[in-house]
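Asks: My questions all concern the structure below.
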Amino acid sequence: MGSRMLLLALVLVSLVVGFSPACTEMNDYCVETLDEGTTTETSATLCGRLTYSKLATVGFEFWETQNYLQEHNPTVFTLTDEYSDEDFYWDVGDLQPGNSYSYKAWAKASGKNKIYGDTVSFTTEAQTAATILATGRAENITSSSATLYGEVVSMGMASSLYVSIMVRMPDGGTVGYTAPGIIQTPGEFSVEVSSLAPDTTYYYWAEGSSTSVVVSPGQEKHFTTTKAELTILNSVMEHESATVVKVTGQAKNTGTILLTYAEIRVVFKDNSGTELTAVMAFTQNVDVGEVWDWEVTTASEYFLTQHEVSVTDIRWT
């Protein structure tokens with residue numbers, strides 16, 4: 001009689017609270033709470049496993065371990081998709097470093113009770129004492145400028161920081177470009193670097209300063225500015241007489257710096273493609289975006305039918 005009453009009580013408890021028996025071959029509808037996945041100072045991955053041949057809605061209940069009110073009124077996470085016989089996960093953020101949290105997986109199938117796995121607890125990583133910077137990417141690179149990025153990986157014990165990107169110049173000197181404002185939380189920052197030389201490699205790294213802590217700088221990286229550019233837009237050849245040929249055309253400064261000198265070469269050919277003669281044209285001070293209208297003329301005893309234009313020299317200060 002006593003054992004029957006105990007069995008009945010267990011059945012009633014299962015119906016009321018959704019008790020989930022252990023996942024065995026005899027139990028085809030159960031959910032398990034797995035150990036947490038990746039854990040950082042402020043985030044963690046909750047993990048669960050559903051054993052059920054049909055689809056079920058799954059999720060997690062989550063709370064701060066030492067918080068009695070949260071434990072009895074936990075945060076409920078519900079996954080968007082339904083699951084069947086597979087593991088499921090939920091990434092939770094905005095956690096406190098070095099704090100203990102608990103969670104348990106749950107599942108609810110159509111026509112079935114909502115069931116729960118066991119409770120699993122974990123502790124987020126303790127806040128690092130070091131204030132750490134990382135050197136980021138280089139973007140928007142031109143012949144004279146670039147956007148350089150850095151990142152505050154960890155504030156550590158610092159309440160605020162001033163951050164900069166340091167750039168080593170070709171002459172060996174170093175120039176610092178300070179990001180605007182005061183940094184108070186981890187995250188990315190950037191600076192605009194200008195007055196660079198074309199086709200030049202620059203080395204850079206992230207640095208920071210604080211009145212209270214030592215800041216670990218980022219690793220050194222590098223980028224190369226683009227070349228100053230003169231682009232041939234068009235060219236037209238015409239015969240002024242049986243022996244005199246003229247070619248007119250346009251070239252544009254498509255770089256980002258003033259060209260103090262620009263030079264092109266026009267090669268003349270016959271019908272077979274044999275190069276017979278060449279003429280140079282040059283100009284000075286072609287501004288950014290400016291179009292240079294050039295012209296060359298040559299005389300030859302041969303009948304010239306083809307031509308080819310190339311940029312042979314550009315200079316800048």
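The values are calculated or read from the model by the stated rules, or taken from the named source; none is laboratory data. These numbers were taken from a predicted model, which means no experiment stands behind them. All Cβ positions, even for glycine, are placed from backbone atoms using ideal geometry, and neighbour counts span all protein chains on display.
Asks: For segment 90-116, give me each residue that is surrounded by fewer than 16 Cβ atoms within 10 Å (Cβ to Cβ), hydroxyl-bearing (Ser, Thr, Tyr) and out of contact with any Leu (no Cβ under 9 Å at 6 or more places or on another chain).
Replies: Within segment 90-116, 100 is the sole residue that qualifies.
Asks: Filter segment 209-221 for residues that are part of a strand (DSSP E or B) and either among the β-branched types (Val, Ile, Thr) or at pLDDT below 95 (or both) and give the result.
Replies: 209, 215, 216
Asks: Follow-up. Within 30 Å of residue 45 (Cα to Cα) and either of a type in the set (A, V, I, L, M) or in contact with a Cys (Cβ under 7 Å, 6 or more places away or on another chain) (or both): does that describe residue 166?
Replies: So residue 166 does not fit the description; no.
Asks: Step by step: first the residues of segment 173-192, then only those that are in a strand (DSSP E or B) and in contact with a Leu (Cβ under 9 Å, 6 or more places away or on another chain), then the one that is nearest to residue 209 (Cα to Cα). Which residue is that?
Replies: The residue in question is 183.
Asks: Would you point out which residue out of 245, 236 is buried (at least 18 other Cβ atoms within 10 Å of the Cβ) and outside the structural domain of residue 144 (by TED's automatic domain parsing)?
Replies: One residue alone meets the criteria, 245.
Asks: Take residue 268 and tell me if it is outside the structural domain of residue 193 (by TED's automatic domain parsing), among the aromatic types (Phe, Trp, Tyr) and assigned to a strand (DSSP E or B).
Replies: Yes: the conditions hold for residue 268.
Asks: Select from segment 176-220 the residues that are touching a Lys or Arg at 6+ places or on another chain (Cβ under 8 Å) and not acidic (Asp, Glu) and write down the one among them that is nearest to residue 135 (Cα to Cα).
Replies: 205
Asks: Here's something else I'd like to know. Any residue in segment 288-317 that is under 15 Å from residue 267 (Cβ atoms) and touching a residue at least 60 places away in the same chain (Cβ under 8 Å) sitting within a Cβ distance under 8 Å of a residue that is small (Gly, Ala, Ser) and surrounded by 15 or more Cβ atoms within 10 Å (Cβ to Cβ)? List the pairs, counting only those 6 or more apart or interchain.
Replies: Listed pairs, sorted by first residue: 307/235; 309/235; 309/249; 311/251; 311/262.
Asks: Select, from 248, 260, the only residue that is at pLDDT 90 or above, assigned to a strand (DSSP E or B) and within 43 Å of the chain's Cα centre (by Cα).
Replies: The unique qualifying residue is 260.
Asks: Kindly indicate which of 81, 118, 91 is of a type in the set (D, E, K, R), in a loop (DSSP other than H, G, I, E, B) and touching a residue at least 24 places away in the same chain (Cβ under 8 Å).
Replies: Of the residues listed, the single one that is of a type in the set (D, E, K, R), in a loop (DSSP other than H, G, I, E, B) and touching a residue at least 24 places away in the same chain (Cβ under 8 Å) is 118.
Asks: So, one more: Name the single residue, out of those in segment 45-89 being hydrophobic (A, V, I, L, M, F, W, C) and touching a Gly at 6+ places or on another chain (Cβ under 7 Å), that is surrounded by the fewest Cβ atoms within 10 Å (Cβ to Cβ).
Replies: Ranking the candidates gives 76 first.
Asks: Which of the residues spanning segment 225-245 are of a type in the set (A, V, I, L, M, F, W, C) and part of a strand (DSSP E or B)?
Replies: Within segment 225-245, 230, 232, 233, 236, 237, 244, 245 qualify.
Asks: Moving to a separate point now. For residue 170, are the conditions met, namely being in the same structural domain as residue 146 (by TED's automatic domain parsing), touching a residue at least 12 places away in the same chain (Cβ under 8 Å), in a loop (DSSP other than H, G, I, E, B) and under 30 Å from residue 278 (Cα atoms)?
Replies: In short, no.
Asks: In segment 195-206, which residue that is at pLDDT below 95 and crowded, with 18+ Cβ neighbours inside 10 Å is farthest from residue 172 (Cα to Cα)?
Replies: Restricting to residues being at pLDDT below 95 and crowded, with 18+ Cβ neighbours inside 10 Å, the top hit is 198.
For (1) closer than 30 Å to residue 208 by Cβ; (2) assigned by TED's automatic domain parsing to the domain that holds residue 164; (3) at pLDDT below 95; (4) touching a helix residue (DSSP H, G or I) at 6+ places or on another chain (Cβ under 6 Å), each residue gets a yes or a no:
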| residue | (1), (2), (3), (4) |
| --- | --- |
| 33 | no, no, no, no |
| 42 | yes, no, yes, no |
| 51 | no, no, yes, no |
| 63 | no, no, no, yes |
| 96 | yes, no, yes, no |
| 105 | no, no, no, no |
